[in-house]
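Every number in this text was worked out from the coordinates using simple rules, so none of it is lab data. Model, not experiment: these values are computed from the prediction. Here the Cβ is made from the backbone with ideal geometry for all residues, glycine too, and neighbour counts use every protein chain on show.
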Amino acid sequence: MNPLLRIFLERAAVYLGAAMLAFACGFPLFWMALTSVKPDREIITATPSFWTGAAHLDAYRRLFDQTKFETYFLNSVFVAGGSTLLTIAVAVLAAYGITRFRFRGRESIATVMLFTYMFAPIMIVIPFYIMMRKLGLANSHLGLMLSYTSFSLPFSMWLLRSFFQSIPIELEQAAMIDGASRPQAVVRVVVPMALPGVIAVSIFTFIVAWNDYLFARVLIGKDDLKTLPLGIQDLYESSVTDWGMIMAAGVVITIPALAFFAMVQRHLIAGWGAGGVKG
């Protein structure tokens, strides 16, 4: 076979596969957005239409006017953001301590961290609820943040441990020789070098907290404290299911997650070049 033809066919196969993957991932989002602006008569018709000439935003108006969606949205932003910040802070300190300080059982702790991530959340949700109730944190956003942090920490610490192990300790020593304290060396040298890992941890934790239903259902009972997954479930279980409103809610829920990822993804590459040793 002609080498140029072979290269062309290989690239065509790659582009075709990428297009099929993009279609499979993007079509549900397209259908959700389209349904949210369709008239009700087109939503419930037996023959689906892939476009509409009568698009409107009535479903979005009903969503914000007739439900507590704005309250649920703000609660989710607060809980997901707080969980992400708390997880990053604890994971960075734990991963740094395991990689930079020598003590007995260090490797065993690292192994146990990953082992705890193997347990399904449903196995610990009831004991966690009992513990939160005894601490007076049940039915509170703080208890919900702690649940997401406890679930995200094992993977986050393991991931950041790998990044910190790849950073030469000479970088910190050079910074401390120049007058920086250890905390300053960590913040100004180590963390920037491990920025891709920190960003990956933030994305993972944010998505876990943003999408979780199980812990929120068990820990939260007050309507004003509910997050988006609980609010959307209540809409679905209402006496008359408003599919346009539910699809509108799905679109609004998806936007922050996409925006957050778009905002931080560029740092995944930029972080690799951060830091350096003074010559």
In Å and whole numbers, how far do the C-alpha atoms of the stretch 1-156 stretch along each principal axis, longest first?
65, 64, 25
Those trypsin sites (Lys or Arg not before Pro) in the stretch 94-151 that DSSP places in a loop and that have at most 10 other beta carbons within 10 Å:
Arg102, Arg104
Rough spin-label spacing in nm, given labels placed 7 Å along Cα→Cβ, for Gln173 and Val264
3.3 nm
In the chain, if the dipole is taken from +1 on Lys/Arg beta carbons and -1 on Asp/Glu beta carbons about the Cα centre, which of Val189, Gly26, His56 is farthest to the positive end?
Val189
Can you give the helix-only mean residue ellipticity at 222 nm for the chain, where every DSSP H stretch with n ≥ 4 adds -39500 (n - 2.57) and the sum goes over all residues, rounded to the nearest 500 deg cm²/dmol?
-23000 deg cm²/dmol
Just subtract the alpha-carbon distance of Ser181 and Asp234 from 0.36 nm times their residue separation and send over the number in nm, one decimal.
13.9 nm
Would you list Ile207, Ile7 from fewest to most Cβ contacts within 10 Å?
Ile7, Ile207
Using alpha carbon coordinates only, what is the Rg to Rh ratio of the chain, with Rh defined as the Kirkwood radius?
1.07
Karplus ³J(HN,Hα) for the stretch 133-138 (6.51 cos²θ - 1.76 cosθ + 1.60, θ = phi - 60°; Hz, whole; x = Gly/Pro) runs 5, 5, 7, x, 10, 5
Of the chymotrypsin sites (Phe, Trp or Tyr not before Pro) in the stretch 43-109, which ones lie in a loop per DSSP and count no more than 15 other C-beta atoms within 10 Å?
Phe50, Trp51, Phe101, Phe103
Taking the dipole about the Cα centre of the chain, with the C-beta of Lys and Arg at +1 and of Asp and Glu at -1, give me whichever of Val92, Ala13, Met123 is farthest to the positive side.
Val92
3J(HN,Hα) from dihedral phi, the stretch 146-160, Karplus parametrisation 6.51/-1.76/1.60, rounded to Hz, x for glycine, proline
5, 5, 5, 5, 5, 6, 8, 4, x, 5, 5, 5, 5, 5, 5
Report the full-extension gain for the segment Arg41 to Thr71: residue separation times 0.36 nm, less the Cα-Cα distance, to one decimal in nm.
7.8 nm
Please find, in a Gaussian network model of the chain (springs between Cα atoms separated by less than 10 Å), the residue of Ala59, Ala22, Ala262 whose mean-square fluctuation is greatest.
Ala22
The extension gain from Asp58 to Met118, computed as 0.36 nm times the residue separation minus the Cα-Cα distance, is 17.2 nm
Estimate the FRET efficiency between Ala19 and Leu85 by the formula 1/(1 + (r/R0)^6), using the beta-carbon distance for r and 41 Å for R0, to the nearest 0.05.
0.60
Tell me, what HN-Hα J-couplings in whole Hz come from the Karplus equation 6.51 cos²θ - 1.76 cosθ + 1.60 at θ = phi - 60° for each residue of the stretch 102-117, using x for Gly and Pro?
9, 7, 5, x, 4, 5, 5, 5, 4, 5, 5, 4, 6, 5, 5, 6
Placing +1 at every Lys and Arg Cβ and -1 at every Asp and Glu Cβ, with all other atoms neutral, what dipole size does the chain have around its Cα centre, in debye to the nearest 20?
860 debye
